[in-house]
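Novice: Structure in structure tokens, see below.
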């Protein structure tokens, strides 16, 4: 290809045909929902309900915590059984706090404000507050609170609202189906984001392998001259913010910077859809469309499911599995994470649940690096993965940073093409964790040192003040020569 | 299901070291088959001896290191032996092949830490060591008309075993060797080439030379296959051939009596094999594209200098080893530009002003 949208990248097999030709299925309401308090980047949400309490669909269950956080709402009506740790969507099978909701099956909603006819008549601040209150987070995977992103971006001059319909991960078709079935609401959401962030135009970027989605979106936005559908080549990691911005605008986001540094605010199509639902129908983020696929699933398809539904039940509503899956994943195969059990609940940022057969997953045996440089060619960030891995393995994290570790987006393109099957991303993840551990323990040490230092200063000051007071009193005593009324402290 | 921690990605392009090596072997097949056809039984013997002994040396090293023998299945030793065989005089005795593969595998590769750890191209290290140690055996060339028809199996065997010297009528000279000796004797380069060299023969391979380097056409075909399969990229071969063409054109224009022309340089000796199969060795060449361009150009310049002004008629082996030594340096300084940073690694400037006047919705 002569025109290169970005450097490097890979072309993994799509497997999208498994699910792309079936309409979105409404998943039934499960008996129990496990709603994690942290489904977003940042701190746990703080529960405001207690065990035994009856809740209605859409009712606030936990408000956003301090710092970066997002509230969570009841996906259906029922009562709270308890709030306790459940298995989190994490490869180690570690636990996270979750609200366990027993559904009553009525699905009766909390009273909502009437349909908002003209959200464009509201001040942008009000809209971004509503988006924050609805618990909307980035639904492409990063799970960054959407309102925070919009508010931060609107401090810059935003030229383009970039709506990400890339969906470059193999197997996943949730965004594809959403664009085909609900194009108009995505466009409405995009327009609302544009209004809230005071941006100029909207670009909806879609990979060229989604022909139907492209025409549906073109149809939906043809009456708005400031919206354009940009067809981008299908190449992983097109859906990554940095690469997509480069493909669409030709600009690179400065290292360590944000998309808004180049005048772009990017949101996933599913996020735009959730924002439209929130700002017109006052619906908080309580469900999402998720691709249930993989060779072990009997009838792979996209389902619209309530947040908190155990993924095992989602697989059940796609006919269950035809064989014991070798690997269960949340997300796509390139960046998704392995889960140890199907009790893990669906959370806001998960676009896919994959149950893969053994022949769908790569062999785990690694051999020595032959320095072939395929990882260097594949890296969309221009890094040197083989050296980063070498240095990480030797615990030389500064060396790894020197070869680009801090710019790594963990997309896995390098490991995908490595003929030696070296788990490069594993090394990078490890090194990044270690570095942040070192940094936080450094911060902790600095803090403790600061405390003890200020204590020492305080004590010294007190001691010197005491001594000074004593001296002053002694001299007074000598002057007056009256030993009466002397109070020693 | 067992809880296991396996990092993403959970997909792979199904490439493997074994497959990379086999692709290279496959690409070498045409010129190898042609070389054996051209030089007969002794060439076949030498090829087999070199490849098999390379695998045996590798196996012995793996055993001594306590590494499982299954590592042999990556076929890297086979490829090293194969490449070495192609750069040897086709009628060299068996011990050249066995000794050469010892130098390549044991000294050139395993002593450095095994696959991927060696600084120098093992095959070239072996070839150069042999050339310096055994100049007679390494510069005795059979003529191009010495195939299966002129030597039978028994004769071929005794040549391989070193019991029989090459019959006088069957020896030849490489065009590069001819050029060097005749230039010293005072003949002009133009004349030497006109009397002793045919561009067509050299291109198709009907000439004296190492086992696998005679046919530029077949090597080119293999090289294109590697490019097509993305085993190698174009940067090293193009830089190498490009700079050689540039230098030879310039000097030939300067003084045609002293300097051979471009076509002669491009199809003679180890030029094509070096450009597509030796300099592109993935372990010992730089990993960035900019580095590869510099590396290729460096190989071309050093080779041209040795051919033109040095004591040896051909310098590809030396050139590759010289640039191999520079590879770590090149890899340190010529890295790809990182996204969002300039070439010096500094962050790019933001283009959107902060707190600017808000645009109208």
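The values are calculated or read from the model by the stated rules, or taken from the named source; none is laboratory data. Keep in mind that this is a model prediction, so the values were computed, not measured. We place every Cβ from the backbone using ideal geometry, glycine too, and count neighbours over all the protein chains shown.
Novice: For a quick check of your reading of the model, give me the residue pairs whose first member lies in segment B:289-302 and is without any contact (Cβ under 8 Å) to a residue 40 or more places away in the chain, whose second is part of a helix (DSSP H, G or I), with beta-carbon atoms closer than 6 Å and at least 6 apart or on different chains.
Specialist: B:298/B:323; B:302/B:319; B:302/B:322
Novice: Report the residue count in segment B:314-331 for those that are over 17 Å from the mean Cα position of the chain (by Cα) and within 27 Å of residue B:182 (Cβ to Cβ).
Specialist: Within segment B:314-331, residues that are over 17 Å from the mean Cα position of the chain (by Cα) and within 27 Å of residue B:182 (Cβ to Cβ) number 0.
Novice: Of the residues B:8, B:76, only one is farther than 30 Å from residue B:204 by Cβ, within 14 Å of chain A (Cβ to nearest Cβ), touching a strand residue (DSSP E or B) at 6+ places or on another chain (Cβ under 9 Å) and free of Cβ contacts under 8 Å to residues at least 60 places away in the same chain; which?
Specialist: Going through B:8, B:76 in turn, just one is farther than 30 Å from residue B:204 by Cβ, within 14 Å of chain A (Cβ to nearest Cβ), touching a strand residue (DSSP E or B) at 6+ places or on another chain (Cβ under 9 Å) and free of Cβ contacts under 8 Å to residues at least 60 places away in the same chain: B:8.
Novice: Still on this structure: Among (1) within 14 Å of another protein chain (Cβ to nearest Cβ); (2) in contact (Cβ under 8 Å) with a residue 40 or more places away in the chain; (3) crowded, with 23+ Cβ neighbours inside 10 Å; (4) farther than 30 Å from residue A:406 by Cβ, where does residue A:295 come up short?
Specialist: (3)
Novice: Still on this structure, I have one more. Out of all the residues in segment B:319-326, is one or more farther than 30 Å from residue A:259 by Cβ, within 14 Å of another protein chain (Cβ to nearest Cβ) and at pLDDT 90 or above?
Specialist: Yes, the conditions are met somewhere in segment B:319-326.
Novice: Going through B:79, B:62, B:83 one at a time, which residue ends up being part of a helix (DSSP H, G or I) and surrounded by fewer than 20 Cβ atoms within 10 Å (Cβ to Cβ)?
Specialist: B:62
Novice: Among what's in segment A:357-379 and is in contact with a strand residue (DSSP E or B) (Cβ under 9 Å, 6 or more places away or on another chain) and more than 7 Å from chain B (Cβ to nearest Cβ), pick the residue that is farthest from residue A:399 (Cα to Cα).
Specialist: A:357
Novice: May I pose another question? Confirm whether residue B:184 is over 20 Å from the mean Cα position of the chain (by Cα) and in contact (Cβ under 8 Å) with a residue 60 or more places away in the chain.
Specialist: no
Novice: Still on this structure: Can you pull out the residues in segment A:59-92 that are part of a loop (DSSP other than H, G, I, E, B), crowded, with 22+ Cβ neighbours inside 10 Å and more than 18 Å from the chain's Cα centre (by Cα)?
Specialist: A:74, A:75, A:76
Novice: Return yes when residue B:55 is without any contact (Cβ under 8 Å) to a residue 60 or more places away in the chain, in contact with a helix residue (DSSP H, G or I) (Cβ under 6 Å, 6 or more places away or on another chain) and either surrounded by 24 or more Cβ atoms within 10 Å (Cβ to Cβ) or not in a helix (DSSP H, G or I) (or both) and no when it is not.
Specialist: So residue B:55 does not fit the description; no.
Novice: Can you find a residue that is at pLDDT 80 or above and over 30 Å from residue B:336 (Cβ atoms) anywhere in segment B:225-244?
Specialist: no
Novice: Can you find a residue that is buried (at least 19 other Cβ atoms within 10 Å of the Cβ), more than 12 Å from chain B (Cβ to nearest Cβ) and in a helix (DSSP H, G or I) anywhere in segment A:100-117?
Specialist: no
Novice: Which of the residues spanning segment A:325-353 are surrounded by fewer than 22 Cβ atoms within 10 Å (Cβ to Cβ), in contact with a helix residue (DSSP H, G or I) (Cβ under 9 Å, 6 or more places away or on another chain) and in a strand (DSSP E or B)?
Specialist: The one that is surrounded by fewer than 22 Cβ atoms within 10 Å (Cβ to Cβ), in contact with a helix residue (DSSP H, G or I) (Cβ under 9 Å, 6 or more places away or on another chain) and in a strand (DSSP E or B): A:327.
Yes or no, residue by residue, for (1) assigned by TED's automatic domain parsing to the domain that holds residue A:277; (2) over 21 Å from residue A:136 (Cα atoms); (3) outside any helix (DSSP H, G or I); (4) without any contact (Cβ under 8 Å) to a residue 12 or more places away in the chain:
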position	(1), (2), (3), (4)
A:148	yes, no, no, no
A:161	yes, no, yes, no
A:175	yes, no, no, no
A:178	yes, no, no, no
A:188	yes, no, no, no
A:212	yes, yes, no, no
A:229	yes, yes, yes, no
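Novice: Just need a number here: residues in segment A:190-209 that are more than 16 Å from residue A:264 (Cα to Cα) and either out of contact with any strand residue (DSSP E or B) (no Cβ under 7 Å at 6 or more places or on another chain) or not in a loop (DSSP other than H, G, I, E, B) (or both).
Specialist: So the count comes out to 3.
Novice: Among the listed residues A:432, A:439, which satisfies the condition of being surrounded by fewer than 18 Cβ atoms within 10 Å (Cβ to Cβ) and either more than 14 Å from chain B (Cβ to nearest Cβ) or in contact (Cβ under 8 Å) with a residue 24 or more places away in the chain (or both)?
Specialist: A:439
Residue by residue, here is whether (1) over 30 Å from residue A:381 (Cβ atoms); (2) at pLDDT below 90 holds:
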| residue | (1), (2) |
| --- | --- |
| A:407 | no, no |
| A:416 | no, no |
| A:428 | no, no |
| A:454 | yes, no |
| A:473 | yes, yes |
| A:480 | yes, yes |
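Novice: On to the next question. Determine if segment A:131-138 includes at least one residue that is closer than 30 Å to residue A:356 by Cα and assigned to a strand (DSSP E or B).
Specialist: Within segment A:131-138, one or more residues are closer than 30 Å to residue A:356 by Cα and assigned to a strand (DSSP E or B).
Novice: Out of (1) in contact (Cβ under 8 Å) with a residue 60 or more places away in the chain; (2) more than 11 Å from chain B (Cβ to nearest Cβ), the odd one out for residue A:450 is which?
Specialist: In the conditions (1) in contact (Cβ under 8 Å) with a residue 60 or more places away in the chain; (2) more than 11 Å from chain B (Cβ to nearest Cβ), residue A:450 misses (1) alone.
Novice: Name every residue in segment A:217-233 that is within 27 Å of residue A:416 (Cβ to Cβ) and surrounded by fewer than 19 Cβ atoms within 10 Å (Cβ to Cβ), in order of residue number.
Specialist: A:230, A:231, A:233
Novice: Here's another thing I want to ask about it. Determine if segment A:262-272 includes at least one residue that is surrounded by fewer than 21 Cβ atoms within 10 Å (Cβ to Cβ), away from chain B (no Cβ under 13 Å) and not in a loop (DSSP other than H, G, I, E, B).
Specialist: Checked segment A:262-272: no residue is surrounded by fewer than 21 Cβ atoms within 10 Å (Cβ to Cβ), away from chain B (no Cβ under 13 Å) and not in a loop (DSSP other than H, G, I, E, B).
Novice: For residue A:229, work out the one condition from (1) over 24 Å from residue A:129 (Cα atoms); (2) within 14 Å of another protein chain (Cβ to nearest Cβ) it doesn't fulfil.
Specialist: Answer for residue A:229: the failing condition is (2).
Novice: Being at the interface with chain B (Cβ under 7 Å from one of its Cβ atoms) and touching a helix residue (DSSP H, G or I) at 6+ places or on another chain (Cβ under 8 Å) is the filter here; which residues of segment A:401-420 pass it?
Specialist: A:404, A:412, A:415, A:416, A:417, A:419, A:420
Novice: Scanning for something more than 14 Å from chain A (Cβ to nearest Cβ), at pLDDT below 85, within 25 Å of the chain's Cα centre (by Cα) and outside any loop (DSSP other than H, G, I, E, B), does segment B:141-159 turn up at least one residue?
Specialist: Within segment B:141-159, one or more residues are more than 14 Å from chain A (Cβ to nearest Cβ), at pLDDT below 85, within 25 Å of the chain's Cα centre (by Cα) and outside any loop (DSSP other than H, G, I, E, B).
Novice: Among the residues of segment B:224-237, count how many are in a helix (DSSP H, G or I), surrounded by fewer than 24 Cβ atoms within 10 Å (Cβ to Cβ) and in contact with a helix residue (DSSP H, G or I) (Cβ under 7 Å, 6 or more places away or on another chain).
Specialist: Residues in segment B:224-237 being in a helix (DSSP H, G or I), surrounded by fewer than 24 Cβ atoms within 10 Å (Cβ to Cβ) and in contact with a helix residue (DSSP H, G or I) (Cβ under 7 Å, 6 or more places away or on another chain): 3 in total.
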